[in-house]
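Okay, so here's the structure we're looking at.
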Amino acid sequence: MKLKNLYLGIIASAFLFASCSSDNDDNNDVPLGAYDNGVIILNEGNFLSTNASVSYLSNDLATFQNDIFNVVNPTVVLGDVAQSLSFSNDKAFIVVNNSNEVEVVNRYTFKSLGTITEKLENPRYSVVLNDKLYVTNAISKAVTVYDAKTYAYLNSISLGKTAEKIVTANGKLYVTNAAYGSGSEVTVINPSTNAVTTTLTLENGINSIEANNGTVYVLAGNSTKSKLFKINTSTDTATSIESTTVKGALNMDIDGDKIYYTQGLGVYAMNLSATTFSDKALFSVADNSWSTFYGFGVIDGKIYSGAANEFTADGTVTVYSSTGTILKTVTAGLGPNGFYSNN
Amino acid sequence: MTIKLKVAFCFLLLCQISLAQNDSINKLKEVVVSDSNLKNFSNTQSIQRLNDSIISKNQSSLTSLLNYNTVLYFKENGLGMTSAPSFRGTTSQQTVVVWNGINVNSQLLGQADFNTISTRGFNSIDVKAGGGSVVYGSGAIGGTIHLNNDLKFADTFKNDFQIYYGEFNTLSAVYGITAGTKKWSFDASFTRNSSDNDFRFVGQEVWNKNGQYYNNTLDAAVGYKINDKNSIKFYSEIFDGERHFSLTTPNQTKTKYQDYNTRNLLTWSSSFSKFDSNLKLAYISEHYNYYEDINRDGHTSGGVKSFIGKYDLDYTISSKMKISTILDYTRNDGNGSGIGQSIREIGGASLLWKHTLTDKWNYEMSARKEVSDAYKSPVLFSVGSRYDFSDFYKLKFNFSRNFRIPTFNDLYWEGSGNPDLKPESSFQAEIGNEFKYKNLRLTITAYGMKIKDMIRWLPNSSGNWIPENTDRVTIYGAEALLGWKKSFNKHTFDFNGTYAYTVSLNDKTDKQLFYVPYHKLTGSASYYYKKLSAYYQIMYTGEVFTTSDNNPKYILDAYNVSNIGVDYNFSKKNIFKLGVKAANLWNEKYEALPNRFMPARNLTIYLNLNY
């Protein structure tokens, strides 16, 4: 965090510069110096092309820059399909799916610190626990483990089934065994033994998982219902609420004391303690482009959507207030798929 | 780049280069063409013939042959990898490969992979621009590529052996035999292509990884003249190939793809009084295996077996009028990962009319209607006329409606297939001008078309990709084909050139379709002196957009690539030719698609024997 101070002056000048120039599409290609106090936007790029990129939007929505990885590291190629990102201390781990790489950067300067390649086979998501980086892999159906400081490969935990999203709570790892709208299980791993302790069978169509205050929340949506599970991480048992009117809910994100999700073109929210799904949308977005919610996130009460624009043109990121007022619209990179608060 | 481009234009225009490759369609009476409709009902459109001498000067893939000699633009995923054309600004699925008169585009993908077609087994390859759905069915919108095994009924016995060996351990070898009497004709060949394909990218310390490939093709054609009125012909082709897909990033998981395609066609041609009939029975199969990780056993696979029956009856009313009907039935039987087991049946009827009004003026009209259990089909038609003003100038006009039906994947893909899809359909018109002056031939064709209901896979709001009839497209452009040949003493010069200007706009956005260049130009110059021959080829492809919003950030730069070759025939009577050629002579650094660099200058030596 001390790094932040080093770059304060640079931030100030960057803000000045930004305010007197166009603040959206016309990116300067000079590093801003610091990419905190804002939201990191991951643009996955086209499959089989090396056009994945990262964009930055400040919390006050005033400063925006595309291609920050490339601007800071002009000789390093981010790669082919930037799938996800996780933070640990002052580092960010960017999982580049089809490149079989994890790019490690300083989360504040975005300077490249190294590239992990060993044993990565179609990596998907990652999380850091006790200075170890855990990465899920689609082809090997395994979680591979690395030293989060030296990036050395340590070992693999074979699951033998789909390994997708991964979170940590109560000193344990929770991995969803579901992808592309099908799959109903969550595997619990004990990191001290690297063994699977239990597997929870929930509901088909698991698409989101998030740990919050020691509880793991899992959202499943399919053609007949939506179901939200709360996993008690002491006992690894789950309770649930469900809705058959709001079917196929996606994109769960917890912000403050609210659980946000989407269904079709609507954005919904309910309290963490809710006993029923909310079936009244906060607002709906216009269906003017396909896959409007390709990326979705809620940060400090603001709702971020990443429209993939059919993957044939740069994506559009729109920031909404909780009532659906558009606060900001920017053109990001190809296929914006995730928003990560970097404070 | 700009200097080289100027040189290219100068080369083509000032030097008066040319096209109209050999106009020798059926110069010899004893040659029987495999596709009589191409000869009989395509007088109002432009056909460019690539004969065997052009075929042998080019690389063995259909991509390379057409890229350097025609107006087609190719989206090639690296040398030897999957490759699909854009003809007249249309999509890959709107160009048809026609094998001996039969449409052989993949039923799964709707398009042909031009790197899985080896050219050296064919006597000639014709490139017909414009609509052709009345005769060739689905996909004949941009144009059709005709692969011909023509049979020769004359006393002959020839062996042909060609071997090409070049850098990156690239081998192309073909052995062919041609034998015939006045009653029998036999033509067969076996082709082997393989390459390590591990070239270094120009100006980088990076090599093409996991790009190795091989393929084997067996072609055979047999003809028997039962009597003056009846003959039977049988054509067969087997293609077996494996390609590793080259990597776009160094640690990417290595994948590979296997193709196994068979084509069999039996035809019975018969003539009685004023009738000519042609019965064709074809059995075509396509099969693929895809390994998403070459170090693991698992793979996905799929295939379609097609049976096609076609009956073609021509009635010659008089020497000036001819009417023809085609009745056909197609059954496609698909099976594989993602599509399960699916069967599609299509029946069709076409009526064709050709009338010569005067010595100088004729017109053609044709129409077709298909009935299928899988989609609704519009009435297709073509009308055209040709007027020969003089030996110097001929004018052609053609107007047609064509279509492209949904593929097996579009209709049947589990969880995504859309059974309500309509075929894509087009209205298109063209005006062709043919000039001929002494040894110079010039064809200039201007065209325009409207295509609607373009099928595209789009992600919906729940993240599922589904094919939809979405876009409307307006395309217009012009093509010029130029040819010039001159001999004096023992010297012969032969120039050919093509140029295409293409505007292909999405009606909603008014933006140029991505992966359609505005400009493409090819040129070749050959020089023959006694038994020596030398040739130079050039291909210029203008910049292309890679995004639908034509964002300049993602433009793929124009490229200008030249090849040169020389060979000498040591035999007095036959052919014993040794040669060498250099591809990408000027070491152009270019990508055919993003992240798909092509090789630097590389050498090939070759030997051709024909006895």
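Of note:
- Candidates in segment B:381-404 are the residues that are among the polar types (S, T, N, Q) and over 16 Å from B:Thr445 (Cα atoms); of these, the one that is surrounded by the fewest Cβ atoms within 10 Å (Cβ to Cβ) is B:Ser390.
- Conditions (1) in contact with a strand residue (DSSP E or B) (Cβ under 9 Å, 6 or more places away or on another chain); (2) of a type outside the set (Phe, Trp, Tyr); (3) more than 29 Å from A:Asp236 (Cβ to Cβ); number of the one not met by A:Thr109: (1)
- Boolean, A:Ile241 is hydrophobic (A, V, I, L, M, F, W, C), free of Cβ contacts under 8 Å to residues at least 24 places away in the same chain and either within 14 Å of chain B (Cβ to nearest Cβ) or surrounded by fewer than 18 Cβ atoms within 10 Å (Cβ to Cβ) (or both): no
- Residue check for A:Thr318: of a type in the set (Val, Ile, Thr), away from chain B (no Cβ under 14 Å) and closer than 28 Å to B:Thr547 by Cβ: yes
- With a requirement of 3 or more residues that are modelled with pLDDT of 90 or more, the helices (runs of 4 or more DSSP H) lying completely within segment B:34-121 that satisfy it span B:62-69.
- Here segment A:252-290 is the region considered, the condition is being among the acidic types (Asp, Glu) and away from chain B (no Cβ under 11 Å), and the residue that is farthest from B:Lys508 (Cα to Cα) is A:Asp257.
- For segment B:105-117, the tally of residues that are closer than 21 Å to B:Asn216 by Cα, more than 11 Å from the chain's Cα centre (by Cα) and either of a type outside the set (S, T, N, Q) or surrounded by 23 or more Cβ atoms within 10 Å (Cβ to Cβ) (or both) stands at 1.
- If you go through segment B:344-396 and keep only what is under 17 Å from B:Ser425 (Cα atoms) and outside any strand (DSSP E or B), you end up with B:Ala374, B:Tyr375, B:Lys376, B:Ser377, B:Pro378, B:Val379.
- Any hit, segment A:125-137, residues being β-branched (Val, Ile, Thr), over 26 Å from A:Glu185 (Cα atoms), more than 14 Å from chain B (Cβ to nearest Cβ) and assigned to a strand (DSSP E or B): no
- For segment B:207-256, filtered to residues that are charged (D, E, K, R) and within 14 Å of another protein chain (Cβ to nearest Cβ), the residue that is nearest to B:Asn103 (Cα to Cα) is B:Lys254.
- Residues that are surrounded by 14 or more Cβ atoms within 10 Å (Cβ to Cβ), assigned to a strand (DSSP E or B) and over 22 Å from the mean Cα position of the chain (by Cα) within segment A:173-201 comprise A:Asn190, A:Val196, A:Thr199, A:Leu200, listed in sequence order.
- Residues satisfying the stated conditions in segment B:410-446, i.e. among the charged types (D, E, K, R) and more than 21 Å from B:Asn496 (Cα to Cα): B:Asp410, B:Glu414, B:Asp420, B:Lys422, B:Glu424, B:Glu430
- Residue within segment B:422-441 that is away from chain A (no Cβ under 14 Å), aliphatic (A, V, I, L, M), under 27 Å from B:Tyr499 (Cβ atoms) and buried (at least 22 other Cβ atoms within 10 Å of the Cβ) present: no
- Filter result (over 23 Å from the mean Cα position of the chain (by Cα), surrounded by fewer than 18 Cβ atoms within 10 Å (Cβ to Cβ) and not small (Gly, Ala, Ser)) within segment B:533-549: B:Asp549
- Residue in segment A:92-106 that is acidic (Asp, Glu) and in a strand (DSSP E or B) present: yes
- Checking B:Asp198, B:Asp259 one by one, the residue that is touching a strand residue (DSSP E or B) at 6+ places or on another chain (Cβ under 9 Å), surrounded by 15 or more Cβ atoms within 10 Å (Cβ to Cβ) and in contact (Cβ under 8 Å) with a residue 40 or more places away in the chain is B:Asp259 and no other.
- Inspection of segment A:291-301 identifies no residue that is touching a helix residue (DSSP H, G or I) at 6+ places or on another chain (Cβ under 7 Å) and more than 10 Å from every other protein chain (Cβ to nearest Cβ).
- B:Asp453 vs. criteria assigned to a loop (DSSP other than H, G, I, E, B) and either touching a residue at least 12 places away in the same chain (Cβ under 8 Å) or out of contact with any Pro (no Cβ under 7 Å at 6 or more places or on another chain) (or both): no
- Within segment A:29-77, considering residues that are among the small types (Gly, Ala, Ser) and within 14 Å of chain B (Cβ to nearest Cβ), the one nearest to A:Gly315 (Cα to Cα): A:Gly45
Residue by residue, here is whether (1) farther than 22 Å from B:Gly80 by Cβ; (2) modelled with pLDDT of 95 or more; (3) charged (D, E, K, R) holds:
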site	(1), (2), (3)
B:Val503	yes, yes, no
B:Pro517	no, yes, no
B:Ala525	yes, yes, no
B:Ile538	no, yes, no
B:Asn551	yes, no, no
B:Phe570	yes, yes, no
B:Ile575	yes, no, no
B:Trp586	no, yes, no
B:Glu591	no, no, yes
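- Taking segment A:95-110 as the range and being over 16 Å from A:Thr150 (Cα atoms) and either surrounded by fewer than 21 Cβ atoms within 10 Å (Cβ to Cβ) or in contact (Cβ under 8 Å) with a residue 24 or more places away in the chain (or both) as the test, the residues that pass are A:Val95, A:Val96, A:Asn97, A:Asn98, A:Ser99, A:Arg107, A:Tyr108, A:Thr109, A:Phe110.
- Segment B:279-299, residues that are of a type in the set (S, T, N, Q) and either out of contact with any His (no Cβ under 9 Å at 6 or more places or on another chain) or touching a residue at least 60 places away in the same chain (Cβ under 8 Å) (or both): B:Ser285, B:Asn295
- Selection count, segment A:202-226, where residues are within 21 Å of the chain's Cα centre (by Cα) and away from chain B (no Cβ under 14 Å): 10
- Only residues that are touching a Gly at 6+ places or on another chain (Cβ under 9 Å) and either in contact (Cβ under 8 Å) with a residue 24 or more places away in the chain or under 17 Å from A:Asp67 (Cβ atoms) (or both) were counted across segment A:310-343, and they come to 20.
- Subset of segment B:285-308 [more than 14 Å from every other protein chain (Cβ to nearest Cβ) and either in contact with a Phe, Trp or Tyr (Cβ under 6 Å, 6 or more places away or on another chain) or not aromatic (Phe, Trp, Tyr) (or both)]: B:Ser285, B:Glu286, B:His287, B:Asn289, B:Ser301, B:Gly302, B:Gly303, B:Val304, B:Lys305, B:Ser306, B:Phe307, B:Ile308
- Screening B:Lys450, B:Lys485 for residues that are away from every other protein chain (no Cβ under 14 Å), closer than 26 Å to B:Thr522 by Cα and within 29 Å of the chain's Cα centre (by Cα) leaves exactly one candidate, B:Lys485.
The values are calculated or read from the model by the stated rules, or taken from the named source; none is laboratory data. Remember, predicted model here, so these are calculated numbers, not experimental data. Reconstructed Cβ throughout: ideal geometry from the backbone, glycine too, with neighbour counts over all protein chains shown.
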